[in-house]
């Protein structure tokens with residue numbers, strides 16, 4: 001008799017140990033090892049919460065935000081969770097929620113700078129707290145809890161995988177668009193503030209990248225020109241050019257590294273004495289070449305070919321951004337035109 | 001669950017940052033330390049579960065103004081110098097361009113703004129792609145102009161989407177410190193109707209809401225969020241909270257992010273939303289708040305209290321002049337501002 005009792009006791013002990021070993025849910029250091037049952041609010045129905053989760057999942061599945069080809073996958077996950085829930089229901093698990101709930105702060109209102117403790121409770125994918133020992137001793141209940149956690153976690157994981165696909169697509173596209181912006185700033189035709197404002201006026205707000213088409217408006221630039229090819233003296237002359245592109249157009253290629261365009265420009269130079277002219281300028285990925293005919297000055301009707309420097313574009317290039325304009329302004333190329341022209 | 005918090009700075013962040021490159025990310029060090037220290041003061045919070053990711057966008061502003069400066073420099077000594085020399089000022093990091101200049105660039109230049117939004121959205125989604133949505137929740141702490149930038153980026157993501165894809169996640173918490181998202185769009189009469197940066201139970205179906213919880217903080221003497229205040233009476237108090245009575249002094253710049261974070265109510269409530277009531281007990285929040293001295297006990301403290309309250313009174317007068325008709329609000333606010341200043345001068 002004593003032997004039987006001892007054997008039974010050993011079996012119970014072993015069973016308990018086995019149950020605890022199998023059902024030792026993940027714990028977090030921040031929570032106490034044992035959480036008093038009394039802290040669980042009365043009337044919390046974990047199944048109702050899970051049902052709500054499933055309904056949300058189904059609503060998500062049928063929403064237009066999920067690509068049609070992925071909706072089947074989502075539905076299978078939702079049905080899987082739904083089926084397992086029904087399975088649990090048939091077993092009439094009353095306390096399955098224990099260990100899978102935590103107070104959810106989203107429900108707490110803040111009054112006078114302090115939260116008012118009206119926490120809602122939510123079902124977790126895994127227990128946030130260690131299952132209290134009295135329940136862990138119930139092997140069947142423990143097994144159900146573990147399975148339940150696995151089911152829910154599996155569903156969450158799969159949903160997260162699908163979500164990750166969508167979010168990765170967004171991330172990749174945004175990287176591409178952001179790089180296009182960087183290309184535009186670093187390698188595009190520089191814009192004055194009024195041009196940035198103008199081009200922003202017709203920007204496509206539904207796109208994340210820059211426009212393909214840009215206007216050029218009243219765009220000053222310094223450059224160097226070569227004297228009239230039909231110089232009557234037969235001598236070519238080089239000089240600084242100050243150009244103001246009155247209006248122009250630029251078309252960027254898809255990656256915003258290259259562009260082409262052109263516009264009408266006014267020029268001031270002193271290739272053959274002080275001259276003012278009109279001309280055209282062509283742009284191509286950092287190069288701006290133009291030709292102008294002088295209509296005012298000592299040598300009217302003379303033609304100049306000129307090259308303009310895009311200082312803003314070459315901001316990281318010290319030679320282009322600083323030294324060449326300095327050279328021009330220091331009149332090393334020729335007597336310059338740095339003073340306002342005497343138009344009389 | 002891991003909490004990944006995006007930290008989005010305000011205006012004038014790059015004031016000491018040459019070309020916006022050298023010190024990228026350093027601005028957030030101090031703020032991160034404050035938040036981490038606050039988290040460490042709650043034994044229930046596992047610091048390893050808190051990840052703070054700074055989001056940078058002022059490099060976009062810098063990229064524009066440094067080019068404008070170069071363009072203007074090149075024209076020095078030419079007949080066009082007088083027409084373009086103002087552009088050189090945009091590169092100066094004094095108060096005007098170092099602070100308000102960012103706002104002007106963001107609000108007045110759609111091209112700059114769209115660039116900023118893409119730049120910010122990219123940084124957000126690079127992290128989301130890297131970390132996934134399982135076992136991690138995402139929150140945003142935005143300050144000043146950053147509240148508008150964060151709002152606008154989320155609004156675009158959740159309405160327009162990116163190449164037809166909309167985010168497959170909800171931002172857990174949107175913390176707005178010195179919230180100017182409404183002020184920046186002062187002339188948008190449908191701002192509140194159309195914003196998706198709202199929590200559930202706020203007039204839109206839950207699946208159209210970009211955030212789960214929205215919480216904002218305002219110092220009573222902070223002029224920027226006070227002129228036109230972000231106020232929602234019809235959003236569910238379960239998900240929306242407005243702490244707009246921060247009354248303390250830790251420095252002249254009450255608008256600074258570090259100033260806001262000096263108040264224990266701000267840090268405690270942020271951590272409460274992130275980690276829940278078990279980790280951040282209400283009693284502990286209350287204890288920290290009660291122990292906090294908003295003003296020093298000396299004469300300087302009394303003077304600063306007087307000054308803060310006087311500024312707050314003027315700001316209240318300005319705010320009260322808001323008619324709700326946004327086409328005329330600017331005029332009304334302007335008139336009230338002049339009157340308030342005149343009253344102050346006559347005293």
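Okay, here's what the table says:
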| read-out | value |
| --- | --- |
| Condition check for residue B:252: at pLDDT below 90, away from chain A (no Cβ under 13 Å) and over 28 Å from residue B:157 (Cβ atoms) | yes |
| Test result for residue A:226, within 21 Å of residue A:284 (Cβ to Cβ), modelled with pLDDT under 90 and either more than 8 Å from chain B (Cβ to nearest Cβ) or crowded, with 19+ Cβ neighbours inside 10 Å (or both) | yes |
| Any hit, region B:268-286, residues being modelled with pLDDT of 90 or more, within 14 Å of another protein chain (Cβ to nearest Cβ), farther than 18 Å from residue B:34 by Cα and in a helix (DSSP H, G or I) | yes |
| Residues of region B:213-232 that turn out to be assigned to a strand (DSSP E or B) and either within 19 Å of residue B:193 (Cβ to Cβ) or at pLDDT below 90 (or both), as a count | 2 |
| Criterion violated by residue B:306 - all others in (1) exposed (fewer than 14 other Cβ atoms within 10 Å of the Cβ); (2) within 14 Å of chain A (Cβ to nearest Cβ); (3) modelled with pLDDT of 90 or more satisfied | (2) |
| Failed item, numbered, when residue B:199 is tested on (1) in a helix (DSSP H, G or I); (2) under 23 Å from residue B:123 (Cα atoms) | (1) |
| Residue B:260 being buried (at least 23 other Cβ atoms within 10 Å of the Cβ), facing chain A (nearest Cβ under 9 Å) and in contact with a strand residue (DSSP E or B) (Cβ under 7 Å, 6 or more places away or on another chain) | no |
| Subset of region B:233-267 (residues that are part of a helix (DSSP H, G or I) and free of Cβ contacts under 8 Å to residues at least 60 places away in the same chain) | B:259, B:265 |
| Only listed residue being at pLDDT below 95, within 24 Å of residue A:174 (Cα to Cα) and buried (at least 18 other Cβ atoms within 10 Å of the Cβ), chosen from B:168, B:121, B:142, B:150 | B:168 |
| Some residue of region B:54-61 being in a strand (DSSP E or B) and more than 11 Å from chain A (Cβ to nearest Cβ) | yes |
| When residues of region A:184-212 are limited to those that are in contact with a strand residue (DSSP E or B) (Cβ under 6 Å, 6 or more places away or on another chain) and outside any loop (DSSP other than H, G, I, E, B), the one nearest to the other protein chains (Cβ to nearest Cβ) | A:199 |
| In region B:197-228, the residues that are surrounded by fewer than 18 Cβ atoms within 10 Å (Cβ to Cβ) and either within 19 Å of the chain's Cα centre (by Cα) or at positive phi (or both) | B:201, B:203, B:223 |
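The values are calculated or read from the model by the stated rules, or taken from the named source; none is laboratory data. Remember, predicted model here, so these are calculated numbers, not experimental data. As a convention, Cβ positions derive from the backbone with ideal geometry for all residues, glycine included, and neighbour counts pool all protein chains shown.
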